[in-house]
1. Order by neighbour count: Ser146, Ser74, fewest other Cβ atoms within 10 Å first, most last.
2. For the stretch 1-126, rounded, prolate or oblate, judged on the Cα gyration tensor with a ≥ b ≥ c (square roots of eigenvalues), a/c < 1.5 rounded, else prolate if a/b > b/c?
3. For Lys111, go through the lysines and keep the ones whose alpha-carbon is under 29 Å away, minus same-chain ones fewer than eight residues off.
4. Hey, fewest Cβ within 10 Å first, where do Ser129, Ser53 land in order?
5. Once both labels are modelled 7 Å past Cα along the beta-carbon direction, what's the Ile109-Ala56 spacing in nm?
6. Return the Rg/Rh ratio of the stretch 7-47 with Cα-based radii and a Kirkwood Rh.
7. Kindly provide the trypsin sites (Lys or Arg not before Pro) of the stretch 32-61 that DSSP labels as loop, not H, G, I, E or B, and whose Cβ sees at most 10 other Cβ atoms within 10 Å.
8. Just tell me which aspartates and glutamates come within less than 20 Å, Cα to Cα, of Lys118; anything on the same chain fewer than 8 places away is out.
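Just so it is clear, none of the values below were taken in a lab; they were calculated from the coordinates. All values derive from a computational prediction rather than experimental measurement. Here the Cβ positions follow ideal geometry from the backbone for every residue, glycine too, while neighbour counts run over all protein chains shown.
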Amino acid sequence: MPYQPDKTDLKILKLLQENGRITNLQLASNIGLSPAPTLERVRKLENSGFIKSYHAFVDEEKLGLGIKSFIQISLDFHTQNAIPEFVEAVKLIPEVTECHHVTGNCDFILKVYVKDIKAYETVIMEKISKIPFVKTFQTMMIMSTSKKEPIVPLAY
C-alpha cells in the first residue's frame, strides 16, 4: 500500500510550503520532534513524491515579465496521439508556465508570461499556432492578481 502522510507529516509539508529554507532544527522544534526523526520524515516525503522540489517564489514583474495571460486552447481532434503531441509541444515553450487539461468549453488552459505584447504575438504566431491539432485559442490577459499562493491547502 502506498505511503500516506500522517498529521505530523502534513504539518511538515505545511511548514516547508511556507518556508522551503527552514532548517531541520527549526522544523523539528515546530513539530515537536527531535531533528533525526524529522529529517527521516522529510526524506520519506521526498522519496514518496509528496515533495517534488524546492523553489524560490519570484516576482515576475520585477523580472520584466509584465504581460501575463491565460490562453484557452481547443483541439481539432481528440485522438490517442493528439493530446500527448500537444502536451509535448507545449512543454517546449518556455513562456508557458502551466498547462492544464480541462473540461468545459476548451481542452487546455495555458498560463503564459512574456515581457510585452510583441513577445506575446511571437509566442502565439510562431509557437502556439504552429502546434499540430490546435483548432482555436482565446486569450485572457491578466489585469491584476489579488491572490497567488504557491501553497496547497492541507488539513490535519
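1. Ser146, Ser74
2. Verdict is oblate for the stretch 1-126.
3. List returned: Lys14, Lys52, Lys62, Lys68, Lys91, Lys127, Lys130, Lys135, Lys147, Lys148.
4. Least crowded to most crowded, the residues run Ser53, Ser129.
5. 2.9
6. 0.90
7. The qualifying sites are Lys52.
8. Glu60, Glu61, Glu95, Glu126
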